[in-house]
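Notes to accompany the following structure.
The values are calculated or read from the model by the stated rules, or taken from the named source; none is laboratory data. For clarity, every value in this text was computed on a predicted model and none was experimentally measured. With ideal geometry, Cβ positions are generated from the backbone for all residues, glycine too; neighbour counts draw on all protein chains shown.
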Amino acid sequence: MAKKEVWQGNEALSESALRAGCRFFAGYPITPQTEITEYLAKRMPQLEGRVFLQGESELASINMVYGASAIGARAMTATSGQGLALMAEGLSQLSDAGVPAVVVDVMRAGPGNGGTESSQGDYSFVSGSLGHGGFKAFIFGPSTVQETADMVYDAFDIADKYRVVVAILIDGMLGHLIEAVELKPFRDMDSLPFRQWAEKNDPTGPKVHWCMGPNWEQHARDVAAMYESWSELAQVDEFMMDDAEYVVTAWGTCARCCKTAIRALRAEGYKVGMIRPKTIFPFPKQSFAALDEGKVKQIINFENAIPEQFLVDVKAALAEARKDIPIVSYTHGMGTCFTADEIEAKLREVVK
Amino acid sequence: MEQKIYGLPEGMNDKKTSFCPGCSHMAAYRTIVESLNELNERDNAVIVRPIGCSLNADYSFDIHAIQSMHGRASAVATGVARMHPEKTVLAYQGDGDAHSIGIAECLYAANRGEKMTCIVINNSVYGMTGGQMSGTTLLGQRTTTGIREFDNQGAPIHVAEMIAQLEAPGYVARAALYTPKDIMQAKKFMVKALRCQKELGKYSYIELLSFCPTNWGVKPVDCIKYAQENVLPVYPVGELKTCF
């Protein structure tokens, strides 16, 4: 077992991406993502066959990623909300053309210019449809630096396997958090999956990269079926759920603060648990379908977004499973985030 | 005895396209394909296509192609060129594409000296959407979004001249696809542009002045005269920067 090392979230993510085989990165500075671009600018030239490029904008960066990936390289970009908005068109094109990529969104506060403080406000934007047209990304929502590093490592494999965009959704808090982590080893670059479809590898195939097949409508149906098949890939952390009468729903850094609060209440005998989706899409609906209406008295949702975004998925999962359980929701937003103490106080009001 | 002296070059086919009568796009394609053939680079080439009329010749030529979004061809070509510098990388763009919505991507690829050739088809109008004003629309030219006036839209933009004053580009030229003589000159420039990329590893830019009879409101037969009288005085042809 490798030794644990102390890493900042953004930098652990960057190093893990390189170890997973990322050969091309293009990005543009934006707080709180900038450490990713800075780390890769320094690190990639030290490694053979890697290319770092600072784009003139997020628009340019995502399209550089498109070109690099279409020619066969594992490629990634990273940004925050405003930059992701500019990239939306390109991400939609990548999704349609079946050109894989990993995109990291280190969320900051608010719409418009917003602020550079941490937030969970890009949840709906990323999980709804990545850009115009309705195609989706596979989305990870880690809550620790270790999970962030592990998920970005797996993200490249998922992107290659399904020829999709994989999004890593973290926030400024997690990007800047420093923790002890164990990073996975460097992938053997020669062992990476062969991209039969990439321009240089397929002399017999269609010569024009546009969408995946000649029949566009059928292509969309195939993509929709692929999304359905992902339901078994959903990852979830069911925390102290075995006998839970009060179920917290939260994700990312907010869920992490919830854990501290839940432990405190458990120590006093309160039966509190939590469902924490680790993948945002596919959403772990099965955890909600498994809830026992006779046992669970209340669902308590916490998220750092106003109005709620994650709550919409929670309600949809409950409705789909026809579960009638009362829900109460608490929010922070625009740069203010829940603390564990605050969550504990809210939970005490509910369970008393 | 019959002897074939003119036909489609190898790598082009006679599949139907939906270009308007009198359009210059096929002349542009032909210039590119012939030049690549001459340098034996067609199989090694990747062409990044824009959004615009050029889409209408989807399968007319046998070159690996990547379809980009509107204005982003030079950025996509950058990604290709950085990962595979041994390829001959082409960005095929229009004036609306490269000179307006994608001017940042176009200029920055040039300024970085990407190992690619940017080819811009300049017909001074948005063709595919039906004749709206572009950055290169001539003063007084009638479009579906108005007649260009200096006080409202400024003068036609000269991106080739802007690129020529940058340090990194190796070859910058403007040619016309009007008369056979013009097309022969365009071919000569195209070969030089591709050689500059291939042999010297530098960035090349070539602007090809083209007809758009449909959106100019000029009959195809009158286009040469119209273009010579109206376009050439504003957009003179010639080499603006050369590395040979």
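Residue-level analysis places A:LYS285 among those that are touching a helix residue (DSSP H, G or I) at 6+ places or on another chain (Cβ under 6 Å), at pLDDT 95 or above, of a type in the set (Lys, Arg) and within 26 Å of A:PHE140 (Cβ to Cβ). Across the stretch B:185-220, the qualifying residues are those that are free of Cβ contacts under 8 Å to residues at least 24 places away in the same chain and outside any loop (DSSP other than H, G, I, E, B), and the one among them that is nearest to B:SER134 (Cα to Cα) is B:LYS188. Could you say whether any residue in the stretch A:43-54 is in a helix (DSSP H, G or I) and either within 14 Å of another protein chain (Cβ to nearest Cβ) or closer than 26 Å to A:LYS161 by Cα (or both)? Taking every residue of the stretch A:43-54 in turn, at least one turns out to be in a helix (DSSP H, G or I) and either within 14 Å of another protein chain (Cβ to nearest Cβ) or closer than 26 Å to A:LYS161 by Cα (or both).
Scanning the stretch A:4-42 for residues that are more than 13 Å from A:LEU177 (Cα to Cα), part of a loop (DSSP other than H, G, I, E, B) and not aromatic (Phe, Trp, Tyr) yields A:LYS4, A:ALA20, A:GLY21, A:CYS22, A:ARG23, A:PRO29, A:ILE30, A:THR31.
State whether one or more residues within the stretch A:137-144 are assigned by TED's automatic domain parsing to the domain that holds A:MET87, at pLDDT below 95 and in contact with a Gly (Cβ under 7 Å, 6 or more places away or on another chain). Within the stretch A:137-144 (the criterion being assigned by TED's automatic domain parsing to the domain that holds A:MET87, at pLDDT below 95 and in contact with a Gly (Cβ under 7 Å, 6 or more places away or on another chain)), the answer is no, since none of the residues qualifies.
When each of A:ALA60, A:ALA88 is tested for being part of a helix (DSSP H, G or I), crowded, with 24+ Cβ neighbours inside 10 Å and of a type outside the set (Ser, Thr, Tyr), the lone residue that passes is A:ALA60. Here A:GLU89 fulfils each of the conditions (1) in contact (Cβ under 8 Å) with a residue 40 or more places away in the chain; (2) more than 17 Å from B:ILE66 (Cβ to Cβ); (3) not small (Gly, Ala, Ser) apart from (2). Answer yes or no as to whether A:PHE302 is closer than 30 Å to A:MET226 by Cβ and either in contact with a helix residue (DSSP H, G or I) (Cβ under 6 Å, 6 or more places away or on another chain) or assigned by TED's automatic domain parsing to the domain that holds A:PHE239 (or both). The answer is no for A:PHE302. I need the full set of residues from the stretch B:12-59 which are in a loop (DSSP other than H, G, I, E, B), more than 14 Å from the chain's Cα centre (by Cα), away from chain A (no Cβ under 11 Å) and more than 27 Å from B:PRO85 (Cβ to Cβ), in order please. Hits for the stretch B:12-59 are B:ASN13, B:ASP14, B:LYS15, B:LYS16, B:THR17, B:SER18, B:PHE19, B:CYS20, B:PRO21, B:GLY22.
Assess whether B:LEU166 counts as being away from every other protein chain (no Cβ under 14 Å) and either assigned to a loop (DSSP other than H, G, I, E, B) or on the phi < 0 side of the Ramachandran plot (or both). If you could, list the steps in order and put the result at the bottom.
Numbers: away from every other protein chain (no Cβ under 14 Å): no; either assigned to a loop (DSSP other than H, G, I, E, B) or on the phi < 0 side of the Ramachandran plot (or both): yes.
Spelling it out, it is not the case that B:LEU166 is away from every other protein chain (no Cβ under 14 Å) and either assigned to a loop (DSSP other than H, G, I, E, B) or on the phi < 0 side of the Ramachandran plot (or both).
Close contacts from the stretch B:68-84, counting a first residue that is more than 7 Å from chain A (Cβ to nearest Cβ) and on the phi > 0 side of the Ramachandran plot and a second that is in a helix (DSSP H, G or I) and surrounded by fewer than 24 Cβ atoms within 10 Å (Cβ to Cβ), with Cβ to Cβ under 6 Å and a gap of 6+ residues or different chains, come to B:GLY71/B:ILE101. Checking the stated criteria, A:PHE156 turns out not to satisfy the condition of being hydrophobic (A, V, I, L, M, F, W, C), surrounded by fewer than 24 Cβ atoms within 10 Å (Cβ to Cβ) and outside any strand (DSSP E or B). Is at least one residue of the stretch B:121-135 within 14 Å of chain A (Cβ to nearest Cβ) and closer than 23 Å to B:MET26 by Cα? Checked the stretch B:121-135: no residue is within 14 Å of chain A (Cβ to nearest Cβ) and closer than 23 Å to B:MET26 by Cα.
Please specify each residue of the stretch A:55-84 satisfying the condition of being under 26 Å from A:SER191 (Cα atoms) and more than 9 Å from chain B (Cβ to nearest Cβ). Across the stretch A:55-84, the qualifying residues are A:ARG74, A:MET76, A:THR77, A:ALA78.
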